[in-house]
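Working notes for the structure below.
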Amino acid sequence: MAQIKVKLFGVFRVDTHVAETEIQAEKLKDVFGALNDKLGNVQMDSGLAFKDALVYINGEPCAKKGRKLNDGDELWLLSPASGG
Amino acid sequence: MDHYDGYMGQVLFVDLTKRTHSLFPWTDKDRRRTLGGKVMAADILLHHIKPGMKAFDEDNWLVVTTGPLTGCGCPNSSRFNISTISPLTGILTSSNCGGDFGLWLKRAGYDAVIFSGRSETPVTVNILHDDVIFTDASGLWGKTTTETQEMLPKRTGKLVIGPAGEHKVLYACVFSGERTAGRGGVGAVFGDKNLKAVTAFGTSLPTVRNREKLQKINKKWVHTLKTHPLTGRQLPKLGTAGLIAPMQAHKILATKNFSAGRFDGFEKISGEELAENHLVSNAACTTCAIRCARMVKVDDKVVKGPELEILGLLGANILNDDIEKIIRWNWVLDELGMDSISAAGTVAFAMELAEKGVRDFGLHFGQTDNIEEMFRKIALREGDGDLLANGSRWLSEEFGGKDYAINAKGMELAAYTPRHAVGHGLGYATANRGGCHLNAGYMVVVEGLGLDVDSLTYHGKAALAIMFQNLMESVSAGGECLFTSYAVLPGFLIDKPNWPLTKIILAAFPYVGPVVNLLSHFTKAPMINIPLLPESYAIKYATGIPSTMATMLTWGAYGYNAERIANVILGQKADADTLPGRLTDEPQDPDDPRTRVPLDKMKPTYYRARGWKDGIPTWHRLRTLGIKIDKSVYDAAVKEAYR
């Protein structure tokens, strides 16, 4: 299991009031459940779920759920956004 | 005989020189051809301008237009438009505003007002339903935009300029409430005409063709806007500021005068930071169902907060991570009456000139203690502020640095740097009014912000840019906020980016070019309305004008081509659709040659699909769209464009 840092952005952050947290996970697919466990199965009023997030690992986009994680990896979870 | 509903049926013509007013001829035929808003204004100006006419010529007109949906109870329908020759670019600008002036203008009985001439002394024009009264504005001269509005009668629609407009800063803007017609320097044209303020008052409202059906559409429309992932969730919760983090992720957050796309301090200037530590409340334009505006505190006053543009351009782009300073500067710029995008872009360019040892204005990347003072100097044209008041293109012509003077056609770019969103770059280059993200077609909405289509491929981008440019043109012409058009994108494509179906659809996007081109050229084809576009239904039920997806695209194409040929008549050269060399020639990621804007690959396709040659509409294209100008004027303008 890797020790990773997760940063939440957009609706994920506003709804959970959590900017960042640390969890242990082996693969990307484990992150979403681990986050729910850590944050107490938080219910976002927007109906979004962590598994729908746009994920960046160490600054690069990654959608492969089987991607193996390493100690010290930093994940960004973003909600969809547009309009400026 | 005029018979369309939704309109007041009158256009007011005000001669500021003689202080007289009359009615400008505008018929149902004109309404059906142009719809309203910026397309109507482009048509009026196209038939007024002369070759070589300049922004500060007495004969330059200011055309303030509304759309037919304004006043008809439709959501997000209080927008109005100001078009004129821009002092910043020398070509037409169309500046859109969400304040309530448009609604009040219709209440006063007019769909539009044209200001011509120049008053000898500062003047306020008061538009009433049965009269136009000119009052002395000497007592308002020198006042800020808020002070000026507070000194005008309550319960009226107001348009005002601040000190920047009075001093003809080339990117001065016009305010209605706390909203602004920001881009292209319309405030400077107000100032040149000594037009400090306009008020409008009345109690009329437009009639509606089919109230029952319109109400039904409006109800569904509000529901769509309130439940869509972008308009119902992200924009109300985070405002436009919520884009800072996604832009950082996608490497499109303009940083250090667009030399990079990521900023280490992005979290400190983000929408999340604004929402958690500075937001007092949301605010909305009249009739808005989205409520994206942020209210914050400056000096214990609750004022309009910064949008994404100012957070990016006065944050990452000048290497500043102090959001409290940005909030304050945003308020200062509003009070002075200056376009924050152009002001910030010009400051960033000045910083790079200093860094390169070309010219030191006292502005340096990462240094923030003298920015507010410089904004005040710009507004009053004092010292170096007098130079910066002319924008980045002028500075680059004086001192050099054109390759990194980040403007298109003289207008500074918005906060999205386009080397990781190449279709957006094409939009910037081809936009009629210059470096505007919205007039560009807002291609980032498919290139990472909204949908996640490959942002580095040039395939299909020309066709998509044209479609979005035309669509946004017509949405704006109807009087609608452009944010309503985001609801066109199916929610699941946005909310479920990791679904296999979403990935398949997005992967196919770059290859829809031929279909989009077909729609653009054979606009009679999609004669059906699609439920995703409530505007076309609303226009039909509000006005009685037959309206479908086809007519929406045709109005957009009409407006885009009318503005373009007007620009050519005003002196725009062939192949003027360019970007600074930094964006087209230098890869943002040095080891990835795809990270530049390949205009050379996209423009030929774009021009072919538009029916343009070297950026100029062909005579055949103008005739096809029903744009009527004198052939000799056209021929002379085209000849001059190649000179």
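The values are calculated or read from the model by the stated rules, or taken from the named source; none is laboratory data. Bear in mind the structure is a predicted one, so any value in this text is a computation, not a measurement. Counting neighbours? That spans all protein chains shown, and the Cβs are built from the backbone with ideal geometry, glycine included.
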Is it the case that residue B:350 is surrounded by 24 or more Cβ atoms within 10 Å (Cβ to Cβ), away from chain A (no Cβ under 13 Å) and under 16 Å from residue B:257 (Cβ atoms)? yes
Yes or no: region B:341-355 includes at least one residue that is within 28 Å of residue B:178 (Cβ to Cβ), assigned to a helix (DSSP H, G or I) and out of contact with any Asp or Glu (no Cβ under 9 Å at 6 or more places or on another chain). yes
Residues (at positive phi and free of Cβ contacts under 8 Å to residues at least 40 places away in the same chain) located in region A:31-72: A:40, A:41, A:47, A:58, A:59
Scan of region B:483-509 for residues that are assigned to a helix (DSSP H, G or I) and touching a residue at least 60 places away in the same chain (Cβ under 8 Å), ordered by number: B:483, B:484, B:486, B:487, B:491, B:494, B:495, B:509
Looking at B:545, B:528, can you tell me which residue is modelled with pLDDT under 85 and closer than 20 Å to residue B:475 by Cβ? B:528
Is region B:449-466 home to any residue that is under 16 Å from the mean Cα position of the chain (by Cα), touching a residue at least 40 places away in the same chain (Cβ under 8 Å), buried (at least 24 other Cβ atoms within 10 Å of the Cβ) and under 30 Å from residue B:591 (Cβ atoms)? yes
Condition check for residue A:28: within 14 Å of another protein chain (Cβ to nearest Cβ), buried (at least 17 other Cβ atoms within 10 Å of the Cβ), farther than 20 Å from residue B:445 by Cα and in contact (Cβ under 8 Å) with a residue 60 or more places away in the chain: no
Quick check, is residue B:207 under 12 Å from residue B:334 (Cβ atoms) and of a type outside the set (Asp, Glu)? no
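Per-residue answers, yes or no, for (1) in the same structural domain as residue B:447 (by TED's automatic domain parsing); (2) farther than 28 Å from residue B:458 by Cα:
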| site | (1), (2) |
| --- | --- |
| B:577 | yes, no |
| B:580 | yes, no |
| B:585 | yes, no |
| B:592 | yes, no |
| B:608 | yes, no |
| B:622 | no, no |
| B:628 | no, yes |
For region B:264-309, what are the residues that are touching a Leu at 6+ places or on another chain (Cβ under 8 Å), more than 25 Å from residue B:225 (Cα to Cα) and within 11 Å of another protein chain (Cβ to nearest Cβ)? B:266
Please indicate, with yes or no, whether at least one residue in region B:432-442 is in a helix (DSSP H, G or I), more than 14 Å from chain A (Cβ to nearest Cβ) and among the small types (Gly, Ala, Ser). no
With the checklist (1) under 17 Å from residue B:123 (Cα atoms); (2) at pLDDT below 95 in hand, flag the one item residue B:182 doesn't pass. (1)
Which residue, of B:312, B:271, B:265, B:305, is closer than 30 Å to residue B:392 by Cα, buried (at least 24 other Cβ atoms within 10 Å of the Cβ), free of Cβ contacts under 8 Å to residues at least 60 places away in the same chain and in the same structural domain as residue B:404 (by TED's automatic domain parsing)? B:271
Which residues, counting only those in region B:184-194, are touching a residue at least 60 places away in the same chain (Cβ under 8 Å) and part of a helix (DSSP H, G or I)? B:186, B:187, B:188, B:189, B:190, B:192
Single residue of B:401, B:410, B:423, B:427 found to be buried (at least 24 other Cβ atoms within 10 Å of the Cβ) and free of Cβ contacts under 8 Å to residues at least 60 places away in the same chain: B:427
On the given criteria, is residue B:240 of a type in the set (Val, Ile, Thr), in contact with a helix residue (DSSP H, G or I) (Cβ under 7 Å, 6 or more places away or on another chain) and more than 14 Å from chain A (Cβ to nearest Cβ)? no
Of the residues that make up region B:200-222, is at least one buried (at least 20 other Cβ atoms within 10 Å of the Cβ) and within 22 Å of the chain's Cα centre (by Cα)? no
Identify the residue in region B:315-338 that is more than 25 Å from residue B:380 (Cβ to Cβ) and either among the hydrophobic types (A, V, I, L, M, F, W, C) or without any contact (Cβ under 8 Å) to a residue 40 or more places away in the chain (or both) and, among all such residues, is surrounded by the fewest Cβ atoms within 10 Å (Cβ to Cβ). B:319
Which residue out of B:131, B:192, B:136 is out of contact with any strand residue (DSSP E or B) (no Cβ under 9 Å at 6 or more places or on another chain) and farther than 29 Å from residue B:293 by Cα? B:192
Which condition breaks for residue A:8 when tested against (1) more than 10 Å from chain B (Cβ to nearest Cβ); (2) touching an Asp or Glu at 6+ places or on another chain (Cβ under 8 Å); (3) surrounded by 14 or more Cβ atoms within 10 Å (Cβ to Cβ)? (1)
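Considering each residue of region B:86-113, count those that are touching a helix residue (DSSP H, G or I) at 6+ places or on another chain (Cβ under 7 Å) and assigned to a loop (DSSP other than H, G, I, E, B), and give that number. Let's see the steps before the verdict.
As a first pass, look at region B:86-113 and keep what is touching a helix residue (DSSP H, G or I) at 6+ places or on another chain (Cβ under 7 Å): B:87-88, B:91-96, B:112-113.
Filter once more, so that each one left must be assigned to a loop (DSSP other than H, G, I, E, B): B:87-88, B:91.
Residues meeting the conditions: 3.
Filter region A:31-51 for residues that are within 14 Å of chain B (Cβ to nearest Cβ) and over 18 Å from residue A:74 (Cα atoms) and give the result.
Those that are within 14 Å of chain B (Cβ to nearest Cβ) and over 18 Å from residue A:74 (Cα atoms): A:44, A:45, A:46, A:47, A:48, A:49.
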So residue B:191 ticks every box in (1) away from every other protein chain (no Cβ under 14 Å); (2) out of contact with any His (no Cβ under 8 Å at 6 or more places or on another chain) but one. Which box is left unticked? (2)
Counting only residues that are of a type in the set (Lys, Arg) and within 11 Å of chain B (Cβ to nearest Cβ), how many does region A:52-84 have? 2
